[in-house]
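Enquirer: What follows is a structure written as structure tokens; I'll ask about it next.
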Amino acid sequence: MRVALIGPPQSGKSTLFQAIAAGSGSGVDMSRPDQPHLATVKVPDERLTWLSEQFNPKKTTPAELAFLDMPGFDLTGDAGRQRAKVHWASMRQSDMLVFVVREFKNDAVAMYRDRVDPAADVEEMLTEMIFADLEQVTNRLAKLEASLKKPVGNKDEIKREMELMTRLVDTLEEERPISDALTSEIEIKMVASFAFLSQKPVLIVLNCDEDAMSADNPTEFAGRPCMYLSAQIEEELAELPAEERGEFLADLGLESTAGDRLIRACYTGVDLVSFLTSGEDECRAWTIRAGTTAVDAAGEIHSDIARGFIRAETVAYDDFKAGGDMKGAKAAGKVRLEGKTYVVQDGDIINYRFNV
């Protein structure tokens, strides 16, 4: 799964990206600021850490998430808009968008549009997404109209899609997202291949001064989920040796880095959960979509396990930890044998029984 970081110039977006990448051990060449940069980071999971401590396996494999740092979106003129347009495709291929906007005050850092106004920055980017979708929809509508005039093709199917696209145009011209116009699962599937930007989940990151971070920060901004952090502090944390980070965080009154919290927020923001497998060879967190069945989750491990599925021996992480191990969890009656249609829950520890 991939998350795109976008934001105006001087928002601190790339500073945050580098801190996240460094903290996860991903080396990224940032010598081309006009190009996107990609880093694959590990999803922090204390459950996997605990399991690894119990089993002391040969290998521990956390879930991963890819972050794409987009070039700064300077929309102050036509040239900037054209440069941004080049990168729409990369954003459409991402599963989630993170808007990084500036709230910090620093006279030494130039201000985008000579202002520090995160609400205006967010509105500008959301509007640009809607314009990008509108261009995509109008182009598709023109092609459908041309197809309708040809003697070949399913005319009823073309007319159904034209009706939907016309409705999308009306919605976008009202500066509302695509999702406002979709009325059924069938319509959602019809537009899935377009990967519309205004359909994607959005998280807003307000890059603030250190003294503006607190437990009382709101969790919503401009109608979207948000989080407050200081990219500068995250950069300083990433440069510290691992053994010193805990002390630095404690001095700030924090339990974990904002980068780790951002990674987790994005992981859940794209509707992902983890199930766990454990043993002496490997402890691993497997990434699946929320709502995935036991047999489909088995396929993430190996197609043979899904093909020969018999049962999924399942226990919730909290029950496993309370029991101390699988034997203790079984003694407490917390281990279940689930069938193919069982919907895997976040944190399930599963041992698959199969025969091929």
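Enquirer: Restricting attention to region 309-356, and to residues there that are over 30 Å from the mean Cα position of the chain (by Cα) and assigned to a strand (DSSP E or B), which single residue is nearest to GLU280 (Cα to Cα)?
Expert: ARG353
Enquirer: A further question follows. Taking the criterion of being outside any helix (DSSP H, G or I), within 26 Å of SER193 (Cα to Cα) and either hydroxyl-bearing (Ser, Thr, Tyr) or touching a residue at least 12 places away in the same chain (Cβ under 8 Å) (or both), would at least one residue in region 71-80 satisfy it?
Expert: yes
Enquirer: Limited to region 123-144, what total is found for residues that are farther than 20 Å from ARG113 by Cβ, of a type in the set (D, E, K, R) and either touching a Ser or Thr at 6+ places or on another chain (Cβ under 8 Å) or in contact (Cβ under 8 Å) with a residue 12 or more places away in the chain (or both)?
Expert: Residues that pass the stated criteria total 2.
Enquirer: Given PRO177, PRO151, which one is loosely packed, with under 12 Cβ neighbours inside 10 Å and without any contact (Cβ under 8 Å) to a residue 60 or more places away in the chain?
Expert: One residue alone meets the criteria, PRO151.
Conditions tested, residue by residue: (1) touching a residue at least 24 places away in the same chain (Cβ under 8 Å); (2) under 18 Å from ILE204 (Cβ atoms).
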{"position": "GLN35", "(1), (2)": "yes, no"}
{"position": "VAL41", "(1), (2)": "yes, no"}
{"position": "ALA66", "(1), (2)": "yes, no"}
{"position": "ASP69", "(1), (2)": "yes, yes"}
{"position": "ALA89", "(1), (2)": "no, no"}
{"position": "SER94", "(1), (2)": "yes, yes"}
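Enquirer: Restrict the check to region 329-337 and report whether at least one residue is under 23 Å from ALA63 (Cα atoms), buried (at least 19 other Cβ atoms within 10 Å of the Cβ), small (Gly, Ala, Ser) and modelled with pLDDT of 95 or more.
Expert: Looking through region 329-337, none of the residues is under 23 Å from ALA63 (Cα atoms), buried (at least 19 other Cβ atoms within 10 Å of the Cβ), small (Gly, Ala, Ser) and modelled with pLDDT of 95 or more.
To keep it simple, each residue is scored yes or no on (1) within 21 Å of the chain's Cα centre (by Cα); (2) loosely packed, with under 15 Cβ neighbours inside 10 Å; (3) part of a helix (DSSP H, G or I).
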| position | (1), (2), (3) |
| --- | --- |
| VAL98 | yes, no, no |
| GLU135 | no, yes, yes |
| LEU144 | no, no, yes |
| LYS159 | no, yes, yes |
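Enquirer: Can you tell me how many residues in region 146-157 are among the hydrophobic types (A, V, I, L, M, F, W, C) and not in a loop (DSSP other than H, G, I, E, B)?
Expert: Result for region 146-157: 2.
Enquirer: Tell me whether region 174-195 contains one or more residues that are of a type in the set (A, V, I, L, M), at pLDDT below 95, more than 24 Å from the chain's Cα centre (by Cα) and over 23 Å from ARG224 (Cα atoms).
Expert: Yes, some residue in region 174-195 is of a type in the set (A, V, I, L, M), at pLDDT below 95, more than 24 Å from the chain's Cα centre (by Cα) and over 23 Å from ARG224 (Cα atoms).
Enquirer: Something else about it: Looking only at region 76-96, which residues are hydroxyl-bearing (Ser, Thr, Tyr) and surrounded by fewer than 18 Cβ atoms within 10 Å (Cβ to Cβ)?
Expert: THR76, SER90, listed by residue number.
Enquirer: Condition first: small (Gly, Ala, Ser) and either part of a helix (DSSP H, G or I) or touching a helix residue (DSSP H, G or I) at 6+ places or on another chain (Cβ under 9 Å) (or both). Now tell me which residues in region 81-96 satisfy that.
Expert: The answer is ALA84, ALA89, SER90.
Enquirer: For region 100-115, which positions are of a type outside the set (A, V, I, L, M, F, W, C) and in a strand (DSSP E or B)?
Expert: Once the filter is applied, which keeps residues that are of a type outside the set (A, V, I, L, M, F, W, C) and in a strand (DSSP E or B), region 100-115 yields only ARG102.
Enquirer: Among the numbered conditions (1) touching a residue at least 12 places away in the same chain (Cβ under 8 Å); (2) of a type outside the set (Gly, Ala, Ser); (3) part of a loop (DSSP other than H, G, I, E, B), tell me where PRO218 comes up short.
Expert: Of the numbered conditions (1) touching a residue at least 12 places away in the same chain (Cβ under 8 Å); (2) of a type outside the set (Gly, Ala, Ser); (3) part of a loop (DSSP other than H, G, I, E, B), the odd one out for PRO218 is (1).
Enquirer: Out of MET165, MET129, I need the residue that is under 28 Å from GLY223 (Cβ atoms), touching a strand residue (DSSP E or B) at 6+ places or on another chain (Cβ under 9 Å) and not aromatic (Phe, Trp, Tyr). Which one?
Expert: MET129
Enquirer: Counting just the residues of region 100-117 that are within 16 Å of GLY72 (Cα to Cα) and of a type in the set (A, V, I, L, M, F, W, C), which one comes out surrounded by the fewest Cβ atoms within 10 Å (Cβ to Cβ)?
Expert: Of everything passing the filter in region 100-117, ALA110 is surrounded by the fewest Cβ atoms within 10 Å (Cβ to Cβ).
Enquirer: I'm trying to understand the selection: among the residues of region 256-300, which are within 17 Å of GLY339 (Cβ to Cβ) and either modelled with pLDDT under 90 or in a helix (DSSP H, G or I) (or both)?
Expert: Within region 256-300, ALA294, VAL295, ASP296, ALA297, ALA298, GLY299 qualify.
The values are calculated or read from the model by the stated rules, or taken from the named source; none is laboratory data. As the structure is a computational prediction, the values presented were derived from the model and not from experiment. Note that each Cβ is placed from the backbone with ideal geometry, even for glycine, and that neighbours are counted across all protein chains shown.
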